[in-house]
Amino acid sequence: MKKILLIVSAITLSVSICAREPQEGWKHLGTGTFCDDMFSVISESFLDTWEVEIEESEARPGLYRLVNPFGNGKCPYFENAFNGNDLVIDATDPEHVWIPWQEMGFSAGSWGSFSISCFNGLMIASEVFTIEELIEFECEFGKLTEGRITFPQNENYRLQPAFSNYLEGTPADGNTHDKFLVTLPSSSGIECIAADENAPVEYYNLQGMKVDTPTSGYYIRRQGSKSSKVLFR
C-alpha cells in the first residue's frame with residue numbers, strides 16, 4: 001500500500017475527453033496480464049504487472065486490444081478507475097508484431113497527455129516506411145510466442161512512449177528494462193488442441209486482410225488459436 005500511495009502522490013491524474021472505441025467487431029477473449037515498461041520513463045517506480053481484459057478483432061484475427069489498460073482500476077499507477085483508450089497491438093503476423101501510434105486518452109499530471117507506439121509504428125505513422133518495407137528490410141519486430149507478446153531488448157529498437165509536455169512531445173525510449181509483456185488469456189489445453197485440429201484453415205495477407213486463394217508471397221496461416229507465417233511460390 002505504501003508503494004501505491006507514493007506513486008499516486010507523484011502523479012495527478014487528469015482524464016481527457018477521449019473515450020475508448022465502440023465494441024462492434026471485437027470479441028472478448030478473457031483476462032490476461034500486462035507490464036508496460038513505458039511509464040518507467042517517469043520513474044522506475046512505475047514498473048508493474050496487472051490484469052487486463054483483452055479483445056481480438058473479428059475481421060483481422062491477431063489484432064488485439066487491451067481494454068482501457070491504464071484506467072481499468074487495476075493499474076497500480078493510479079488510485080481510481082477512469083475512462084481511457086484501449087491499447088491496440090497488431091500481432092496478425094506473429095513474427096512481426098508492432099504497436100501503431102495511438103493516444104491513450106488521458107493526461108498524467110504535468111507530464112501531459114500520454115501516447116504509445118513501437119519504433120516501427122512510429123515510422124509508419126510518420127509515413128517514412130510501410131509495414132511491407134520494414135519487413136523487407138528485415139527490421140526488428142515484436143513476437144507473439146505461446147501467448148506472450150514481447151519486444152526486442154535493443155537500444156536501436158525501443159518502444160516509444162510520449163508525453164505531450166516532455167521533450168515537447170518527442171517520444172522517449174521505452175522498454176529499457178526489457179519488461180514489456182502482454183500475456184494473452186489461456187484456455188484449457190485439451191480443449192484448445194481439439195479446437196485447433198478441427199478448425200478451418202484461413203489465410204491472411206500481411207495487411208491482415210483475409211485471402212480465399214493465396215498466390216505467391218507471404219501469408220499468415222491461421223487455424224483455431226494457432227497462427228504461422230507461410231510462403232507460397
For region 32-57, which positions are under 20 Å from SER113 (Cα atoms), crowded, with 19+ Cβ neighbours inside 10 Å and of a type in the set (Asp, Glu)? ASP36, ASP37
Just the residues that are under 17 Å from the mean Cα position of the chain (by Cα), surrounded by 15 or more Cβ atoms within 10 Å (Cβ to Cβ) and not hydroxyl-bearing (Ser, Thr, Tyr), please, taken from region 144-171. LEU144, ILE149, PHE151, PRO152, ARG158, LEU159, GLN160, PRO161, ALA162, PRO171
Here are some conditions: (1) touching a Lys or Arg at 6+ places or on another chain (Cβ under 8 Å); (2) modelled with pLDDT of 95 or more; (3) acidic (Asp, Glu). GLU53 meets all but one. Which one does it not meet? (1)
Quick check on my filter: what residues within region 84-107 are in contact with a Phe, Trp or Tyr (Cβ under 6 Å, 6 or more places away or on another chain) and within 12 Å of PHE70 (Cβ to Cβ)? GLY84, MET104
How many residues does region 144-164 contain that are in a loop (DSSP other than H, G, I, E, B) and over 18 Å from GLN102 (Cβ atoms)? 6
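The values are calculated or read from the model by the stated rules, or taken from the named source; none is laboratory data. Keep in mind that this is a model prediction, so the values were computed, not measured. Glycine also receives a Cβ, built like all others from the backbone with ideal geometry; neighbour counts cover every protein chain displayed.
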